[in-house]
Amino acid sequence: DGNLLNLDYTWAKALGNYQAYSTSPQNTYDIQAEYGPTPLNRKSIFSANFVYVLPTLRSRHGIVRHSLGGWETTGIISYESGAYNTARTINVDPGGVGLLAAGLAGPSARPDIVANPNQSAPHNLHQWFATSAFAEVPAGVYRPGNAPVGDIVGPGSAIWNLSLFKNVHFDESGVLQFRAEAFNVFNHTNFTGISTTLGQTNYGQVTAAGNARIMQLALKVSF
């Protein structure tokens with residue numbers, strides 16, 4: 001009958017001392033300090049897809065069959081928990097390990113952590129995590145910051161893509177299909193980036209979002 005339903009759930013934990021090709025280690029003499037959740041890590045991922053073909057009403061005739069029969073709906077639904085982000089500082093090298101040397105990518109230095117950035121976090125456009133959870137290394141203290149990597153949980157996502165088809169058979173093998181498709185059909189705002197660099201004017205704020213709802217109509221002829 002063409003109907004199907006697939007459900008998938010993934011629980012994952014990706015750890016490593018690789019963070020990004022564009023960022024050098026905070027301290028090349030302490031690579032273990034770079035160990036933590038990788039930027040691609042998502043703790044939970046749920047996805048579902050389905051196809052449901054409504055009855056064709058072949059036993060009916062006339063307007064009832066042509067108006068109510070031949071409908072088909074499909075969908076892809078996905079939910080993901082947020083990525084793990086790392087707090088950074090800018091133009092600071094309290095440990096004197098050469099982070100500001102020409103040719104090194106940055107910002108690479110990390111601040112000190114003084115609280116859990118995810119606990120009681122606002123999770124809004126203007127402040128995603130608890131920005132007061134990080135502070136510069138105190139003046140007169142000569143060491144790298146002690147904030148770990150991947151300690152800020154970023155925004156998750158929820159996306160529903162749905163389609164509605166109307167199939168009209170005009171001979172034994174010919175089918176005219178009208179397609180109405182909507183991506184992010186509920187127009188849910190999915191934040192995709194946050195600023196985690198202490199000292200920047202947008203520190204703690206959401207910096208990017210995914211696509212708004214997109215709709216399209218199409219006709220397809222099969223013969």
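The values are calculated or read from the model by the stated rules, or taken from the named source; none is laboratory data. Please read these numbers as outputs of a predicted model, since none were measured by experiment. Please note: Cβ atoms are built from the backbone with ideal geometry, for glycine as well, and neighbour counts cover all protein chains shown. Side chains are part of the model used for accessible areas, which takes the heavy atoms of the whole protein and leaves out ligands, DNA and RNA. Shrake-Rupley method; radii C 1.70, N 1.55, O 1.52, S 1.80 Å.
Overview of results
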{"quantity": "Net length gained if the chain between Ala12 and Val51 were fully extended (0.36 nm per residue, minus Cα distance)", "calculated": "11.3 nm"}
{"quantity": "Solvent exposure of the chain as accessible area per residue, Å², 1.4 Å probe", "calculated": "60 Å²"}
{"quantity": "Two-decimal ratio, segment 66-167, of alpha-carbon radius of gyration to 2.2 N^0.38 Å", "calculated": "1.79"}
{"quantity": "Set of aspartates and glutamates with alpha-carbon distance to Lys13 below 17 Å, sequence-local pairs under 8 removed", "calculated": "Glu34, Glu80, Asp151"}
{"quantity": "Arg213-Tyr29 FRET efficiency (beta carbon distance; Förster radius 41 Å; 0.05 resolution)", "calculated": "0.25"}
{"quantity": "Hull shadow area, averaged, the chain [alpha-carbon convex hull, nm²]", "calculated": "17.1 nm²"}
{"quantity": "Heavy-atom accessible surface of the chain: percent carbon and sulfur, 1.4 Å", "calculated": "58 percent"}
{"quantity": "Fully extended contour minus Cα-Cα distance, from Thr189 to Asn116, at 0.36 nm per residue", "calculated": "23.7 nm"}
{"quantity": "Sum of side-chain charges, Val92 neighbourhood, beta-carbon under 15 Å (Lys, Arg +1; Asp, Glu -1)", "calculated": "0"}
